[in-house]
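Presented below is the structure to which this report refers.
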There are 2 protein chains.
Amino acid sequence: MLDERKILILQAVVHDYIQSAEPVGSRTIARRYNLGISPATIRNEMSDLEEIGYIVQPHVSAGRIPSDKGYRFYVDVLMKPERISEEFRRQIYRQLASKYREVEQLLQETTKILSLLTNYIALVVAPHVDACVLKHIQLIPIDESYILVVLVMSPGFVHNKIIEVNTRYTMEELVVISTELTKLLRGIAYRDIGVTLIKDIKDQFGDIGLALLDLISEELAHSNLEQLYFHGTLQMFNQPEFKDVEKAKALLEILEAKELLADLLTELGKNSGVQVRIGQENPHSAMQEYSLVTSTYGIGGEVIGSIGVIGPTRMEYAKVFSSVELMANILSQALTELVK
Amino acid sequence: MLDERKILILQAVVHDYIQSAEPVGSRTIARRYNLGISPATIRNEMSDLEEIGYIVQPHVSAGRIPSDKGYRFYVDVLMKPERISEEFRRQIYRQLASKYREVEQLLQETTKILSLLTNYIALVVAPHVDACVLKHIQLIPIDESYILVVLVMSPGFVHNKIIEVNTRYTMEELVVISTELTKLLRGIAYRDIGVTLIKDIKDQFGDIGLALLDLISEELAHSNLEQLYFHGTLQMFNQPEFKDVEKAKALLEILEAKELLADLLTELGKNSGVQVRIGQENPHSAMQEYSLVTSTYGIGGEVIGSIGVIGPTRMEYAKVFSSVELMANILSQALTELVK
DNA sequence: GTTAGCACTCTCCCGGATTGAGTGCTAAAG
DNA sequence: CTTTAGCACTCAATCCGGGAGAGTGCTAAC
């Protein structure tokens, strides 16, 4: 279907369009890439490529631009992810890992670096609490009717929750309950601290805090902690596609729907390795002008969250691909380091 | 200097321009406001107003628009803040106060409501920790070398800090230290828990945790918690001034400088009541096309933070003024309620 | 002091011409 | 059979000139 020369030409179109954001014509290709053939020949080939659906023409007297299918082919077959030097990797790792010991900051900083590397918008979904292992649970009195529940979880990240109670507990009682709970629950994954487990431990439990147990299990079951961080909107708006304000507004609208994005990333994160979603491959109509490149990060091999970049379909896939891979990798390493 | 009629005309110009974003001419005023005088007379008066500097002409054959000085006069003298019905106030209060018991959410929701009320960008600076009173301090072991310090402070808001230690503490020791520290520090404002106070209590303190004390005081002294929340960028971009993408980018740039904004709000918060900063009155050059309306919120009379709205100089001052006042008021009430 | 009238200025918008990039087709060359 | 040169054609973008419209300032009359 695609002979050598067609592939070269497709590659040229993709490259040039990614670079210039302008439709690319046969003359340009003949001039810029030394394929040893004339514009006329290129025109014939392009005509074929258009018929198969790899490139399209915005209007009859314009050059061609890659279709989503064209990008897909490029990503799957042609693209060579940029090689990243070990030196560079180490430098980034230092930049990230050296100064942060709280997960939240780590994630925040990761989005910054990633968006700087790519010039698009970087996203990070905070660790799925579900997968995190409890290290410590502490109840702290706030006043007569409120108690603060502090959960310390394995990748060094902390979660506060205020709950309402009818009974008043003394500080000493809370300390006892905390100690006991920690003893019983430590090392167990958050997702397993459901209603069931708490029921199971009820009988091993002193009776001071029995009423509290239900409340806590209730709260834990309902708390939705999927958090999304992102960075790079401003740079993104330097891309020529955003000369039109409406486009910019549309993008902001997408970014405002954080849960949606978080779900999308999490969904993609179910596959391993770097995932690429191009334009219309995306279920959300608002996002069909954009591509999404994602990967997962984790601790010691276990996946706990997703990371990604969103940019125009005309994005520098090679660079983005390897940047996402790199940052997923570095973040995982930093987190694993943190846990030890 | 300004007779009755000039004032009426100035008011007309301001009103019309706020509403339409188009320069307003003499005919328009004559038609729309029944001043009982002809366009020619209005022209003469406008000419005078321009000479004094209250209005300006973008180009010779256009209508007039208010200058910053004109807006200033409008805000100081002419503007009547919108009256807000008790019913409406109560409704908003319910919306805000009913569902949130954590300060952070409360602030977040406040920005949402305020930006919705005004159609501009709403800002809230999180409570100055300095002014907050400590309720409880709890040390929680994370692993050999890290300890989590949880501070619960008076307006129901919680602050986590992870610190590094060389000595290993047992859980029991940390409980003892926490209890003791809480006993000694409870009810004291954060700003006073400086290095000095901690030195003072050293001798009353058991010797298990002496080393920790220094670390904690050190950490507290350096933590900068000024947090800024905002909401409404998307709506703001519907304003006609943002048809130009460069303007939009400039605004995003302003919003990215969170510390700057937070400082600005805090600075303005030193005066009591609602403050208005118009265009060039603003020290930051990037903000000279915008106006800022701010007020302060607090607990039981004590100011602990600032709230505000940023919009184009052509903003609906009357509405924004009273909305900011309202939300500052409601937020204060909600917080005060929370503390009780 | 007010107003009608008028000349004048300037922006905005429209339509037409021009330019330029690019195509597809055809016929000739390789 | 493939490649290429040449050419006619298409379309978007740009430029240009000419109103139209909004608004002003000035003058002279009321």
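Readers should treat all values here as calculations from the given coordinates under stated rules, not as data from a laboratory. Keep in mind that this is a model prediction, so the values were computed, not measured. Neighbour counts run over all protein chains shown; Cβ positions are idealised from the backbone, glycine included.
Some points to look at:
- Degrees, to the nearest 10: B:86-97 long Cα axis against longest axis of chain B: 40
- The residues packed around A:R32, meaning those with a beta-carbon under 13 Å from its beta-carbon, carry a net charge of 0 if Lys and Arg are +1 and Asp and Glu are -1.
- Per-residue shielding of A:135-146, expressed as the average number of other chain Cβ atoms within 10 Å of the residue Cβ, stands at 5.
- Remark: mean inter-chain Cβ contacts per residue of A:157-165 equal 3, using a 10 Å Cβ-Cβ cutoff to other protein chain atoms.
- Cα gyration tensor shape of the protein assembly as shown, rounded if a/c is under 1.5, else prolate or oblate by comparing a/b with b/c: oblate
- Look at the stretch A:172-182: the mean tally of other chain Cβ atoms within 10 Å of its residues' Cβ atoms is 2.
- Annotation for A:E22, label-to-label distances across the other copies: 3.7 nm (shortest first, one decimal, point 7 Å from Cα along Cα→Cβ).
- By other beta-carbon atoms within 10 Å, ranking B:K69, A:K243 with the fewest at the front produces A:K243, B:K69.
- Cβ crowding within 10 Å ranks A:R94, A:R83 as A:R83, A:R94, fewest other Cβ atoms first.
- Residue with peak Gaussian network fluctuation, chain A [Cα springs, cutoff 10 Å], from A:V320, A:V133, A:V309: A:V133
- Other residues lying with their Cβ under 12 Å from the Cβ of A:V75 contribute a combined charge of 0, Lys and Arg counting +1, Asp and Glu -1.
- Cross-link reach list, lysines versus B:K249, counting only Cα pairs under 24 Å and skipping chain neighbours closer than eight places: A:K112, A:K243, A:K247, A:K249, A:K258, B:K112, B:K258
- Using C-alpha pairs under 8 Å with a sequence gap of at least 6, the mean separation divided by the residue count of chain A gives a relative contact order of 19 percent.
- Comparing A:P66, A:P312, A:P39 in a Gaussian network model of chain A where C-alpha atoms under 10 Å apart are linked, the largest mean-square fluctuation is found at A:P39.
- Ranked B:R277, B:R191, criterion: other C-beta atoms within 10 Å, fewest first: B:R191, B:R277
- A simple packing score, the average count of other Cβ atoms within 10 Å per residue, orders the peptides A:26-38, B:136-148 as B:136-148, A:26-38, with the highest score first.
- The alpha carbon centroids of region A:284-340 and region A:38-71 are separated by 31 Å.
- Hits among lysines - C-alpha to C-alpha of A:K340 under 23 Å, sequence gap 8 or more where chains match: A:K99, A:K135, A:K183, B:K161
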